[in-house]
Amino acid sequence: MNSFLMKHTIPLLWIKKRLTERQLLILSSMMIGLTAGMSAIILKMIVHFIHDALLNNSFSNFYLHLTFPLIGLLLTVFYVQRFHKGTLESGTAYLTYSISRQSSLLAPLHMFAHVITSAITIGFGGSSGLEASIATTGAAIGSNYSRTYHLTYKQRTLMLSCGAAAGIAAVFDAPIAGFLFAIEVLLIDISASAFVPLVIAAAMGALCSNIVFQEGILISFKAQETFDFTNIPFYLIMAVLAGLLSVYHSRMFVKIDTAFDKIKKPYAKAIVGGIILMGCIALFPPLFGEGYTSIAAISQLHPEVLFNNSLLSSWKENEWLVLVFLAGIAFTKVIATAATLGGGGSGGNFAPSLMAGAFLGIFFSKLVNMTGIVNLPESNFTLVAMAGVMGGVMHAPLTAIFLIAEITNGYALMIPLMIVAAISYSIVKFLEPDSIDMKKLSKKGHEVVQGRDKKILSFINSSNIIETNFHIVHENSNFRELISAIEKSSRNIFPVVSDTNDFVGVIYLDSVREIMFNDDLYDTTQIKEFMTTPPVVIDTSESMESIMKKFDETEAWNLPVLTNGKYVGFISKSRIFNQYRNHLIETSVH
């Protein structure tokens, strides 16, 4: 393996020395885009192969068909436990964390592990989406390419995002959506110089899809008709419903995921998740797998096929019960997805949010049409609702808008897509400021920061900048002790503690300078008479962002650090600035 890497690394390193930075990034984005695009296609083909092989031989046996998701979860858990020590991070939350806190470095195993776990989980009927795994695989390709060829942190972050963009573009044959996904979800602080490599990588991913397939890998259909402005009131209602469904999806997923965290044994999680999936699929068969075939069915106005092998198949004869069935799928999809991922399966919420939106759209438009008030284009509302829910759940409205625009092979629905996605996202942002991914990171104690200054501050560990070379004095001691401390100290601040070692205040040298040579006060005056209370104190558990905010608000240059009220040391603003400068240099050249 090492000889293989050396053989293929040396030529490109030789080329790297002869290219400008811009030329190198363009060449790299092309290579990463093609590799990540082909990886996405291979993963999708494997999933389809497993999926088709199982379904072609199981529909005749209803109960056998229901057990496949459980088997898939058990196999996935076995693989992760056996080959990855029980842990395999994935998804956009992991990518965001890697960029923010791990210098955009992903372990090489991420280039293949998610292909295996996702193929097993979703191929066997797990109700999640491949896009998170595809994005992680592509990002790992970009990250490890950058590491192999010694690119800087900034370049490595860009190549990681190029890999993710190419994967998404290849899956949907939607290069603009892939490009926007990288910008909205991964590269919040993007510069104009990153546009060209991202566009090239996304185009290479979509090119792979075009070469291998004649149409999109997942879904490909057209809008029913062009936009009719008289339907705007209904699109506005649709936007509100999409926003509320997105909030429900986010909250329900987190609640179920938290419940699964309480189950400590991996195989027990898989069994519980599998049983929940079996129940969901027994009632709503479209919940088996990603759900794109079901989306295609309802977009072509054939909802009756959704009842095949359902315990509720008798409902298809009643149009009102059909509506209940469609709404049931829209609300149950998140339960099936949370059970899949909570049970140890692989995947994400990208496809589930699209599916939930599709069923919301067909439900709403059918309901309105059945009242006879107006005749809404059901296919159009299906597509627009997909953008609304996906944009809300993923906190990526632009990606959602252009994804639907691209997969419908035109921009006839651009106005309603923009209206619904924007309003839905606004509602979600008001009610749920953090996305599912950010909540998952927060639950694990990982905070992801955005913005260059905040991002650099996040690299600074407050414990490494605490200064302890201050002489401590006791509040009930006399002035002579302070004079002794001044003689031994090179600092002009003296922390004051109580008899129980609790921090009570500070003494500044400037406040005693005029009387420090009056030896008549040495034994008759107590230290606490000269003590002042600092404007604020810092706790050792505080983030650097919080610490800097305190410095800015108080305009202080030194603040005391405490742990449970006990004095630890001081942090100086100048020490933070030095660390900031060092990290700024490091992230620019490494």
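Which value in nm describes the separation of the simple spin-label points at THR148 and LEU19, placed 7 Å from the Cα toward the beta carbon?
1.3 nm
What is the Å³ per residue value for the convex hull set by the Cα atoms of the chain?
190 Å³
With everything on Cα atoms, drop me the angle between helix 153-172 and the longest principal axis of the chain, reported from 0 to 90° to the nearest 10.
Value to nearest ten degrees: 20.
Per 0.36 nm of contour for each residue apart, how much would the distance between ASP539 and PHE229 grow if the chain were fully extended, relative to their Cα-Cα spacing?
105.9 nm
When the dipole is taken about the Cα centre of the chain, and only Lys, Arg (+1) and Asp, Glu (-1) are charged at their Cβ, what size is it in debye, to the nearest 20?
Dipole of the chain, to the nearest 20 debye: 1680 debye.
I want to check the label-to-label distance for ASN369 and ALA53. Put each point 7 Å from Cα in the C-beta direction and report it in nm to one decimal.
3.9 nm
So if the hydrodynamic radius of the stretch 53-140 is defined as the Kirkwood radius over C-alpha pairs, what does Stokes-Einstein give as its diffusion coefficient at 4 °C and 1.567 mPa s, in µm² per second?
92 µm²/s
Order the peptides 363-376, 545-558 from the highest to the lowest mean number of other Cβ atoms within 10 Å of their residues.
Listed from highest to lowest mean packing, they are 363-376, 545-558.
Report, as a whole number in µm² per second, the diffusion coefficient that Stokes-Einstein gives for the stretch 2-212 at 4 °C and 1.567 mPa s using the Kirkwood radius over alpha carbon pairs.
74 µm²/s
Between VAL504 and GLN102, what length in nm is gained on full extension when 0.36 nm per residue of separation is reduced by their alpha carbon distance?
Going from the current span to full extension adds 140.9 nm.
Can you tell me how much longer the chain between LEU109 and SER426 gets when fully stretched, taken as 0.36 nm per residue apart minus their C-alpha distance, in nm with one decimal?
110.4 nm is the gain from fully extending LEU109 to SER426.
Filter the cross-link list LYS85/LYS262; LYS154/LYS550; LYS85/LYS264; LYS269/LYS429; LYS269/LYS333 down to pairs whose alpha-carbon distance in this structure exceeds 22 Å.
In this structure, LYS154/LYS550; LYS269/LYS429 lie more than 22 Å apart at Cα.
Where does each of 288-296, 397-405 land if you order them by average Cβ count within 10 Å, highest first?
The most tightly packed comes first, giving 397-405, 288-296.
I'd like to know which of ILE515, THR35, ILE419 lies farthest towards the positive end of the charge dipole of the chain, counting +1 on Cβ of Lys and Arg and -1 on Cβ of Asp and Glu.
THR35
Quick check on the chain: helices-only [θ] at 222 nm, where DSSP H runs of length 4 and up contribute -39,500 (n - 2.57) each and the sum goes over total residues. Nearest 500, please.
Helices in the chain give a 222 nm mean residue ellipticity of -20500 deg cm²/dmol.
Take peptides 417-423, 43-49 and line them up by average Cβ neighbours within 10 Å, highest first, as a rough protection proxy.
Ranking, from highest mean packing down: 417-423, 43-49.
Taking the Cα centre of each part, how many Å lie between the stretch 505-580 and the stretch 111-136?
54 Å
Put +1 on the Cβ of each Lys and Arg and -1 on the Cβ of each Asp and Glu in the chain; which of VAL496, PHE124, ILE436 then has its Cα farthest toward the positive end of the dipole?
PHE124
Over the Cα atoms of the stretch 229-448, Rg to Rh with Kirkwood Rh, two decimal places?
0.98
Using label points projected 7 Å from each Cα along Cα→Cβ, tell me how many nm separate ILE275 and TYR522, to one decimal.
With each label point 7 Å from Cα toward Cβ, the separation is 8.0 nm.
If I take all pairs of Cα atoms in the stretch 258-330, what percentage of them are more than 18 Å from each other?
Across the stretch 258-330, Cα pairs with separations above 18 Å total 46 percent.
Determine the shape class of the stretch 369-439: with a ≥ b ≥ c the square roots of the Cα gyration tensor eigenvalues, call it rounded for a/c under 1.5, and otherwise prolate if a/b is greater than b/c, oblate otherwise.
oblate
Test of understanding: ordering SER133, SER90 by Cβ neighbours within 10 Å, fewest first, what list do you get?
The order, fewest Cβ neighbours first, is SER90, SER133.
Using Cα pairs closer than 8 Å and at least 6 residues apart in sequence, work out the relative contact order for the chain, in percent.
Over the chain, the number comes to 15 percent.
No value in this document is a laboratory result; all are computed from the given coordinates. Only a predicted model underlies this, so the values are computations on that prediction, with no experimental measurement involved. Note that we place each Cβ from the backbone using ideal geometry, even for glycine, and neighbour counts take in every protein chain shown.
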